[in-house]
Amino acid sequence: MTSGGFLLSTAVALALLQVSLSAGAEPVVSFRDDAVVPHVLSFGGNPIGAGSLLDLQTGAVILDEGLVFGPGVEDIDAVHVMGNGELLFSTTTAAFIDGVSYSSGDVVRYDPSDGAHVLAFSVADFSEPTTSVDAIHRLTRGPHAGRLLLSTATVASLGGLVVRPGDLVAYDAGSKSAALVFDQDLISGTQAQQDVDAVHVLRSGDLLLSIALSGGSLGGLTLEEHDLILYDPLTGVASVALAGDGLFDGTTADINALSLDPVQLPAFSLAGVLILGLALFGSGAGALTRVGGEIQVA
Ligand SMILES: [Ca+2]
Ligand SMILES: [Ca+2]
Ligand SMILES: [Ca+2]
């Protein structure tokens, strides 16, 4: 299997995934740098670091850690791609950008076009200064539109709310108020197994999420740290949206940051993908599986 073939099959399968989730969006991910995997892995034959961001559909590195953080080794553990192409992200430990220090509990707004960066959310809003933010999503619709949806790596106090690692809270920095959107009690297991470490809210209101340690369960589904899980808050039904085992050219790594990039596709291209996607989903297919190192639509 050539890297080109791998990327093509990945692109086709992920395009179908996206049409079912959110038309015209590409999944952007990062992986956890831990004792299990090296800091730099390979995707489609190209190197990708834990501090970089990968577009799974195209295989492109959309944020290169060396350009952002310099020679320091960093790990991005939360990301949100905004409609204007700017990024919101957080890191696992304190990181420097152009000599400015950001803590693991800060969220940085970063413009890839010119490298401009500014603090978008401050760890100072937590009662505990050592808190790390490990999942984010900028809400654009619903009752909490405009708020930052976030999760933490440890128990923390924010806006008068006690936030646990598996909770997702919508936070308004202006009024310093927080509202619980997803309760970690929905996930069974140890606190580490309940820890949500990546999230994206789909237009439908469904959640696309990942957890920090395998072994827990949600809606009867056993959770794996390298998978992306689709969860319907209304029905409580969970399913595997992307099985991430072997995703990095055969190496399995914990996905710890996720966002769908709202790219604009030409109308004819989108229509074609939609028709193909609907045909496959209408036939009962649609689950993503990995066969012989490829992601395929089952
Ligand atoms: Ca962080
Ligand atoms: Ca968390
Ligand atoms: Ca994960």
Checklist entry - Looking at Leu221, Leu230, Leu242, Leu213, which one is of a type in the set (A, V, I, L, M, F, W, C), more than 16 Å from ligand 2 (Cβ to nearest atom) and either on the phi > 0 side of the Ramachandran plot or over 14 Å from the mean Cα position of the chain (by Cα) (or both)? => result Leu221
Next on the checklist: Please determine whether any residue of the stretch 124-132 is touching a Lys or Arg at 6+ places or on another chain (Cβ under 9 Å) and within 22 Å of Phe182 (Cα to Cα).
Outcome noted: yes
Next on the checklist: Tell me whether the stretch 67-85 contains one or more residues that are within 16 Å of ligand 3 (Cβ to nearest atom), within 22 Å of Leu228 (Cβ to Cβ) and acidic (Asp, Glu).
Outcome noted: yes
Checklist entry - Where residues in the stretch 62-115 are among the hydroxyl-bearing types (Ser, Thr, Tyr) and open to solvent by 10 Å² or more (accessible area, probe 1.4 Å), which of them is farthest from ligand 2 (Cβ to nearest atom)? => result Ser113
Next on the checklist: Pairs please, first residue from the stretch 120-147 and in contact (Cβ under 8 Å) with a residue 24 or more places away in the chain, second anywhere and away from ligand 1 (no atom under 12 Å from the Cβ) and of a type in the set (Phe, Trp, Tyr), Cβ atoms under 8 Å, 6+ apart in sequence or on different chains.
Outcome noted: Phe121/Tyr171; Asp125/Tyr171; Arg147/Tyr171
Item to check | Any chance Val118 is under 24 Å from Leu260 (Cβ atoms) and away from ligand 2 (no atom under 16 Å from the Cβ) | outcome: yes
Checklist entry - Applying the selection to the stretch 8-60, what residues are within 29 Å of Ala95 (Cα to Cα), modelled with pLDDT under 95 and of a type in the set (S, T, N, Q)? => result Gln57, Thr58
Checklist entry - Would it be correct to say that Asp245 is away from ligand 1 (no atom under 16 Å from the Cβ) and closer than 26 Å to Ala50 by Cα? => result yes
Next on the checklist: For the stretch 219-231: of the residues being open to solvent by 40 Å² or more (accessible area, probe 1.4 Å) and part of a loop (DSSP other than H, G, I, E, B), which is nearest to ligand 1 (Cβ to nearest atom)?
Outcome noted: Glu225
Item to check | Residue count, the stretch 62-91 (criterion: more than 14 Å from ligand 1 (Cβ to nearest atom), more than 14 Å from the chain's Cα centre (by Cα) and assigned to a loop (DSSP other than H, G, I, E, B)) | outcome: 9
Next on the checklist: Looking only at the stretch 159-212, filter to residues that are in contact with a helix residue (DSSP H, G or I) (Cβ under 8 Å, 6 or more places away or on another chain) and within 15 Å of Ala145 (Cβ to Cβ); which one of those is farthest from ligand 1 (Cβ to nearest atom)?
Outcome noted: Leu202
Next on the checklist: Out of everything in the stretch 206-218 that is touching an Asp or Glu at 6+ places or on another chain (Cβ under 8 Å) and in a loop (DSSP other than H, G, I, E, B), what residue ends up being surrounded by the most Cβ atoms within 10 Å (Cβ to Cβ)?
Outcome noted: Ala212
Next on the checklist: Under 6 Å between Cβ atoms, which residue pairs at least 6 apart in sequence (or on different chains) link something in the stretch 231-260 that is over 22 Å from Val61 (Cα atoms) with a partner that is of a type in the set (Lys, Arg)?
Outcome noted: none
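The values are calculated or read from the model by the stated rules, or taken from the named source; none is laboratory data. This is a predicted model, so every value here is computed, not measured. As a convention, Cβ positions derive from the backbone with ideal geometry for all residues, glycine included, and neighbour counts pool all protein chains shown. All accessible areas refer to the heavy atoms of the entire protein, side chains included, with ligands and DNA or RNA removed. Shrake-Rupley method; radii C 1.70, N 1.55, O 1.52, S 1.80 Å.
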